Amino acid sequence: MPIKLMLNKGKVPVKVFTEDIDQGSIDQLGNMAQLPFIHSHIAAMPDVHHGIGATVGSVIPSKGAIIPAAVGVDIGCGMNAIRLSLTANDLPDNLHTVRSTIEKRVPVGFEEHATATVQGATLNNIAKHLKVITDKHPGLLKMQRNFERTWGKQLGSLGGGNHFIELCIDESQAVWVMLHSGSRGIGNVIGRYFIEKAKKEMGKALGQLPDHNLAYFNEGSQHFDDYVQAVNWAQDYAVLNRREMMRLVLEALQSQLKPFTTTREAINCHHNYVQKETHFGEEVYLTRKGAISAQDGELGIIPGSMGAKSYIVRGLGNAQSFCSCSHGAGRRMSRTEAKRRFNTRDLAEQTTGIECRKDKAVVDEIPSAYKDIDVVMQNQTDLVEVIHTLKQVVCIKG
């Protein structure tokens, strides 16, 4: 049985799939378990760690309500991976030019494309659906400079933080491209906007919550349907963003490496999202906050930190985890603490052999700031089976 801890401080239990959990996460999970609409239990994945309001690495089934802060502000953030026909022997000894070529094609950090790279019917269709949302909520337009142009130019861009693009080698020496990003600035705007709407809509009842960030919309309330519509749009946008990024990365690689093909359809999975699912006999809104779907037979991606291994997995459909698994290694320390404890020499040492940035601005992404991915994987052998083990040789960070 993979459940390592049972927390019983709320209206429903919390089933934790690791013993490596900090007190802040325990407190947050206990707060969420107090909410009146949680169905059956809450599941905490092996990469669980403290978040804002809702714990990262938690799976939250709710009946008739959604917590916007549990979905978060990087709505639809997730992974994309594809295997190439190349092997490790096809790569040059020095990968710096490969990295710099990708960085020229894909904007990173706060950068964006000069013009939208996605054109035609696709762009028009998502613009049409976005206008329906902003017509109802014009306040969204005021939250980001050049709102109506920026979201188009950010399609196919990486962002910062723990988002990345990697070139990896698997156990058979096959080359993979793997990337991690979400709904960019527009997802952040939508998330922040509706988190505040939820707090205002709750009115005096907000004071009865154990944490104001757990403010929620009840089904049938003023903004519930509007939020569902907006969050679905952002989740679709995030998928498109990753697909466009992957297209640009493959184009960059075609200019630097010998001709290749992709050998399987890309795996594309969210790990910050909400959708309707049926669990324990009830249809619920299932929020995965830093967790991926691991339905029986479903393929997923679990990345380690830069410098560690990553995994392509197949879900085992474990009911106790709501058919979910971890979304990565999970942070062990905050970004501030990582910068306090480590320096660029430590970063260079821990990323030996990987073509990546090793400067002060990315010290907070040092492998030691994360949990051991091998231990995380050992704690979820009943949730997923490993199909491929990947080791990065190029890592691009924002």
Filter segment 249-259 for residues that are exposed (fewer than 15 other Cβ atoms within 10 Å of the Cβ) and in a helix (DSSP H, G or I); the one that is farthest from the chain's Cα centre (by Cα) is S255
Expected output for segment 39-51 (first residue open to solvent by 10 Å² or more (accessible area, probe 1.4 Å), partner among the acidic types (D, E) and part of a loop (DSSP other than H, G, I, E, B), Cβ below 8 Å, 6+ apart or cross-chain) is H49/D22; H50/D22
Of the listed residues (G160, G220, G207, G191), the one being among the small types (G, A, S), under 25 Å from H327 (Cβ atoms) and surrounded by fewer than 19 Cβ atoms within 10 Å (Cβ to Cβ) is G160
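Could we say that A198 is over 26 Å from R331 (Cα atoms) and open to solvent by less than 40 Å² (accessible area, probe 1.4 Å) here?
Values: over 26 Å from R331 (Cα atoms): yes; open to solvent by less than 40 Å² (accessible area, probe 1.4 Å): yes.
When the stated conditions are applied, A198 passes them.
Would you mind stating whether G398 is at pLDDT below 95, open to solvent by 10 Å² or more (accessible area, probe 1.4 Å) and not β-branched (V, I, T)? Step through it out loud before you land on a result.
On the way: at pLDDT below 95: yes; open to solvent by 10 Å² or more (accessible area, probe 1.4 Å): yes; not β-branched (V, I, T): yes.
Yes, satisfied.
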- Task: Assess whether K11 counts as being in contact (Cβ under 8 Å) with a residue 12 or more places away in the chain, open to solvent by 30 Å² or more (accessible area, probe 1.4 Å) and touching a helix residue (DSSP H, G or I) at 6+ places or on another chain (Cβ under 7 Å).
- Result: no
Going through segment 114-157 in order, the residues found to be in contact (Cβ under 8 Å) with a residue 24 or more places away in the chain, open to solvent by 40 Å² or more (accessible area, probe 1.4 Å) and in contact with a Leu (Cβ under 8 Å, 6 or more places away or on another chain) are T117, T122
Considering residues that are small (G, A, S) and either open to solvent by less than 20 Å² (accessible area, probe 1.4 Å) or in contact with a helix residue (DSSP H, G or I) (Cβ under 8 Å, 6 or more places away or on another chain) (or both), the number found within segment 272-292 is 2
Taking segment 349-395 and keeping only residues that are assigned to a helix (DSSP H, G or I) and open to solvent by 30 Å² or more (accessible area, probe 1.4 Å), one is left with E349, Q350, K360, A361, S368, D374, V375, Q378
Return yes or no: is R99 open to solvent by 20 Å² or more (accessible area, probe 1.4 Å), among the charged types (D, E, K, R) and either out of contact with any Asp or Glu (no Cβ under 9 Å at 6 or more places or on another chain) or on the phi > 0 side of the Ramachandran plot (or both)?
no
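Here is a yes/no grid of residues against (1) under 12 Å from the mean Cα position of the chain (by Cα); (2) under 20 Å from C168 (Cβ atoms); (3) at pLDDT 95 or above; (4) in a strand (DSSP E or B):
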position: V231; (1), (2), (3), (4): no, no, yes, no
position: A238; (1), (2), (3), (4): yes, no, yes, no
position: R247; (1), (2), (3), (4): no, yes, yes, no
position: L286; (1), (2), (3), (4): no, no, yes, yes
position: Q295; (1), (2), (3), (4): no, no, yes, no
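Do you know which of the residues in segment 163-188 that are in contact with a Gly (Cβ under 7 Å, 6 or more places away or on another chain) and hydroxyl-bearing (S, T, Y) is surrounded by the fewest Cβ atoms within 10 Å (Cβ to Cβ)?
Checking each candidate, the answer is S181.
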Those residues of segment 305-348 which are over 18 Å from the mean Cα position of the chain (by Cα), of a type in the set (S, T, N, Q) and either part of a helix (DSSP H, G or I) or closer than 18 Å to L383 by Cα (or both) amount to N318, Q320, T336, T344
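The values are calculated or read from the model by the stated rules, or taken from the named source; none is laboratory data. Note that the coordinates shown come from a computational prediction; the quantities given were computed from them, not determined experimentally. All Cβ positions, even for glycine, are placed from backbone atoms using ideal geometry, and neighbour counts span all protein chains on display. Note: accessible area is taken over every heavy atom of the protein model, side chains too, but ligands, DNA and RNA are not part of it. Shrake-Rupley method; radii C 1.70, N 1.55, O 1.52, S 1.80 Å.
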